[in-house]
Every structure is written in structure tokens, then in C-alpha cells.
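Report on the structure given below.
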Amino acid sequence: MTDLQQAWIGQEVRALRPDYAALIITAHGAVGGPSDEASDAALRAAEDFARGLLADTEPAAIPQVALWREAFSAFGVRPRSAVSSLESLLRRAADGLPRIDRLTDHYNAISVRHLLPLGGEDLQAYAGAPRLVVADGTEIFDAVEAGVVVAANPKAGEVVWRDDIGVTCRRWNWRQGARTRISPATRDALFIIDGLGPSAAGAVSAAGEDLATVLRRHAPACETASRLLGPDRIEAAAPA
């Protein structure tokens, strides 16, 4: 079982972005499954929101997107090679957001509506507690390319989320791994909401409340727990 109290953020990451906050949520007894009418409606509302937001503005000009471009640049990643999951979703909204599965659809919709990167993992495949660290390049990471699982290990210096086995998401929130990805069979999940800026803690908390509400709406017995790792919290450092 994942112990949220053991989650931490590496000091090297904190030095890169002292204004970073993360909300980590576990959900037991969620309703997974294929995309359905409710998840489709959530995505359509998110698409409408994004189209309105981007009617006269490029994604890169949105303050929340710009902050993530700055964060990626701080560890050597340029927009041509990778962008935040938030920017990726916004750029796809005009042509329609992907329909993947019920849980992923809902958290993607919340990501767009709150303008925050939000990722989900299958908790049963997760080993130990999540931590955000700077990779040394030897970590294990499996990605899906053209429907095939391949090794795509991070480069040294990348900011990555990882568990006891290996990396679960490269470049902060750019690309999730195959091992822990959510599927239609997922019933227990772990979600991570990333925020930057002076209001990051409040922003990720608000998005987390919306996510918990959606989870319980579709599964009243779903049990959720959360932990905020923020710039003013001493637990946001690696344990001694």
C-alpha cells in the first residue's frame, strides 16, 4: 500500500522551482472502465473551455503554460522536444481531446478546466511512495510507442516522478510510463496534480476537490486520501 506520508520532493527539484506544489491523491474503489457518456460530456465541456480560452491566444501565452515552459527550460528541455501535459492537452482541444478510458478522461477534463498538469497511475502497479527527483539516467522507464512497450529511460538531469521500481512519469509531467498507467480495469488509483506560482497550493487543492467529487459521484463508496506537498511545508523534502 502506498503511504502518502512517505511521499517527498527532492531538494534539487525544490531548488529549481521553490514555488512548486503537488497534491497527491489515492482513490480506492473507483469506477474504471471504458469511456462513457459522462466522461465524454466532461471532455466536451473541457474542449469548449479550451477553445474559448485559445480563441485569440496561443497556448504558450497562457500564464500557467508559460510557467511550465520555464520549469522545463530549467533542466534543459526546450518546447520543441517536450511540453507539459497541460500544454499538450490544450493544443489538442481544438480537434478534440482523446477518449481513453473513464478515469483518464475525467482527470484530463479537470486538468484542462483548472489549467494544471494532472496525471493518474494504477495504484496496484505502484511500488512504495511517489517522489519527485532529478534522474541520474540509470532509472528504468517503459513507454508505449506504436502500441509496443519499449525502454525509454530518462536522461540525466530530467525531473521525474518515480516509485521503488523506476520512473513513472518523465520530465515532470510530460510522458507517463506503461507499467503503472491507468486502464479500464483500474479500481485503485493514484493521482498527482502539479502547480507552479504563488497560488499553486490553493490551485492544486481546488482541482483535487473537483477530482474527489467526480470519483465519488460515480462510485459513492470510493475512499480518497490526499497529501499536499508545497513550498511552505517541511515534509516536501527527502527524508534523512
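Just a few scattered comments:
- Cα-centre dipole for the chain with unit charges at Cβ (Lys and Arg positive, Asp and Glu negative), debye to 20: 300
- Helical mean residue ellipticity (222 nm; -39500 (n - 2.57) per DSSP H run of 4+; nearest 500) of the chain: -10000 deg cm²/dmol
- The chain: DSSP helices with Cα axial extent of at least 27 Å and average Kyte-Doolittle hydropathy no lower than 1.0: none
- Each Cα pair under 8 Å and six or more residues apart adds its separation to the average, and for the stretch 4-231 the resulting relative contact order is 36 percent.
Bear in mind these aren't lab numbers, they're just calculated from the coordinates by the rules spelled out. Predicted, not measured: the structure shown is a model, and the values here were computed from it. Reconstructed Cβ throughout: ideal geometry from the backbone, glycine too, with neighbour counts over all protein chains shown.
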